[in-house]
Amino acid sequence: MAEHTATITWSRGTDDFLDKRYHRAHTWQFDGGATVAASSSPHVVPLPYSDAAAVDPEEAYVAALSSCHMLWFMDFASRAGYRLNGYTDAAVGTMAKNAEGQLVVTHVQLRPVTRFDAAHAPSAAQLDELHHRAHTSCFLANSVKTQIDCAPVLEVEGG
């Protein structure tokens, strides 16, 4: 089993917070050292309280699903002897209300464009099979109903 970690950090700065007029910009830091600027989506929290240039959780969710699919696809293509030269996916996630009336990502459409070496390319049927195998193997596509637990810790400043 493997663990994957991320540290999410936000600080109020000089914003009042209680007036609900506070910035949502924060950082994601990963165990390999990468730091990503993150924020709420401007579609959810209007500017200037969101940072449109930062990655929002919904975008990250779509990107993670696309990336997982791509990595499995590349593995299966390589094993089958197909030489992949390039892969681009302009994936789209759609937010809507579910049956319980909650706003959720109801659909993610992967739209991969794959470029193969002519001498080592799959047929259309083989390409479809590679994508099917990638989808059924993707850890994240199989995890969308993941159990999420919360173990909060309370710290009080200026007591």
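The table for this structure:
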{"quantity": "J(HN,Hα) series, the range 13-26, from Karplus relation 6.51 cos²θ - 1.76 cosθ + 1.60, nearest Hz, glycine and proline x", "calculated": "x, 9, 5, 5, 6, 5, 8, 6, 10, 9, 6, 10, 5, 8"}
{"quantity": "Relative contact order, percent, the range 1-150 [alpha-carbon distance under 8 Å, six or more residues apart]", "calculated": "16 percent"}
{"quantity": "Antiparallel content of DSSP bridges confined to the range 28-159, in %, to 5", "calculated": "95 percent"}
{"quantity": "Segment residue 26-residue 53, extension gain: residue separation times 0.36 nm, minus the distance between their alpha carbons", "calculated": "8.5 nm"}
{"quantity": "In Hz, Karplus ³J(HN,Hα) per residue of the range 44-52 (6.51, -1.76, 1.60; θ = phi - 60°; x = Gly, Pro)", "calculated": "9, 10, x, 5, x, 7, 10, 10, 5"}
{"quantity": "Pair residue 85, residue 120: separation of 7 Å Cα→Cβ label points (nm)", "calculated": "1.3 nm"}
{"quantity": "Cleavage-rule hits, trypsin sites (Lys or Arg not before Pro), the range 1-57, DSSP coil, Cβ neighbours within 10 Å at most 14", "calculated": "12, 20, 21"}
{"quantity": "About the Cα centre, charge dipole magnitude for the range 18-159 (Lys/Arg +1, Asp/Glu -1 at Cβ), debye", "calculated": "400 debye"}
{"quantity": "Relative contact order for the range 29-118, counting Cα pairs under 8 Å that sit 6 or more residues apart, in percent", "calculated": "21 percent"}
{"quantity": "Cα-projected label distance for residue 100 with residue 129, points at 7 Å along beta-carbon direction, nm", "calculated": "4.0 nm"}
{"quantity": "Translational diffusion of the chain, µm² s⁻¹ [Kirkwood Rh, Cα pairs; Stokes-Einstein; 20 °C; 1.002 mPa s]", "calculated": "114 µm²/s"}
{"quantity": "Residue 56 long-range amide H proximity, modeled H, under 5 Å", "calculated": "39"}
{"quantity": "Ordering of 127-140, 89-102 by burial proxy (mean other Cβ atoms within 10 Å per residue, highest first)", "calculated": "127-140, 89-102"}
{"quantity": "HN-Hα J in Hz across the range 145-152 - Karplus 6.51, -1.76, 1.60, θ = phi - 60°, x for Gly and Pro", "calculated": "10, 4, 6, 10, 10, 10, 10, x"}
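A short reminder: the numbers here are calculations on the coordinates, not readings from a lab. Treat the numbers as computed from the prediction; the structure is a model and nothing was measured. All Cβ positions, even for glycine, are placed from backbone atoms using ideal geometry, and neighbour counts span all protein chains on display.
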